[in-house]
Structures are given as C-alpha cells and as structure tokens.
Amino acid sequence: MAPGNQEAYVMTVDVFAFPVNNKPDQKVAQDKLAMLMMDPEVQVEFNKFKGSIPSRLDAEVGELDACAQLGKKVMAGVKRTSCRISRWRSAPTPRGRSKICWVITGASRR
C-alpha cells in the first residue's frame, strides 16, 4: 500500500444474483450453490486463481499471495459501520445499493 493510504482500499466485487422464483426445488438449488460458493475453502481456492481476497474474513489466506494476505489484514481491521462507495459501475437502484451496503457492512451476518 502506498504511504498515506493505509485507510484506503480499492475493491471490485463479484456479484452472483439468483432470479426470484416460487419453485421450491430451484430455491433449494440456489441455496446449495450459494453455500458452496461461500464455503471458506472454496473461497480460498477460487481466489488463488483470481488473485483476490476471499469474501469471508474467516477464510485462511496463508496459501494466497502476499498482496491477498495484506488485503485480508486491511479488511479485517476495517470498521463495518458505514458503506462509502464512490463509484457504482453498473448503477444499481437505490434499493440495490442499500442491499449491497448491508452485505458489505456485515449486517447480514448479525
């Protein structure tokens, strides 16, 4: 990290969205896929190839490169009480932005 930027972190987030449906079997499949994708070990393996940090802070990053290890250390120390996103590339709706901030700030895990 560049000097003077210890509190700045540029992040691009991958989003996997599932369509809303009323079919129980599809909901079960969506839940299974989401659970698989968010498994800490799967996150580490995925991020080895992608060159990024896992979405989960409880994932062990010892096998990842030095940049990913530093990134996790920075993110672990961030206070998740606010969500400041300066640029929305895909310009989601205000409701969509609110949901994204809810996930980023950790409210979904409380």
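The values are calculated or read from the model by the stated rules, or taken from the named source; none is laboratory data. Worth saying up front: this structure is predicted, and the values here are computed from it rather than measured. Ideal geometry is used to build each Cβ from the backbone, glycine not excepted, and the neighbour counts take in all protein chains shown.
Quick look at the numbers
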| read-out | value |
| --- | --- |
| Test set (1) in contact with a Phe, Trp or Tyr (Cβ under 9 Å, 6 or more places away or on another chain); (2) within 24 Å of Cys101 (Cα to Cα) - Gln26 fails condition number | (2) |
| Cross-chain or 6+ apart pairs with Cβ under 6 Å, the range 38-64 first and closer than 15 Å to Val13 by Cα, then loosely packed, with under 13 Cβ neighbours inside 10 Å | Leu57/Ala76 |
| Scope the range 45-71; condition in contact with a Leu (Cβ under 7 Å, 6 or more places away or on another chain) and buried (at least 16 other Cβ atoms within 10 Å of the Cβ); matching residues | Asn47 |
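This table checks each residue for (1) hydrophobic (A, V, I, L, M, F, W, C); (2) at pLDDT below 85; (3) in a helix (DSSP H, G or I).
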{"position": "Gln6", "(1), (2), (3)": "no, yes, no"}
{"position": "Met11", "(1), (2), (3)": "yes, yes, no"}
{"position": "Pro19", "(1), (2), (3)": "no, yes, no"}
{"position": "Asp31", "(1), (2), (3)": "no, no, yes"}
{"position": "Ala34", "(1), (2), (3)": "yes, no, yes"}
{"position": "Asn47", "(1), (2), (3)": "no, no, yes"}
{"position": "Glu60", "(1), (2), (3)": "no, no, no"}
{"position": "Ser108", "(1), (2), (3)": "no, yes, yes"}
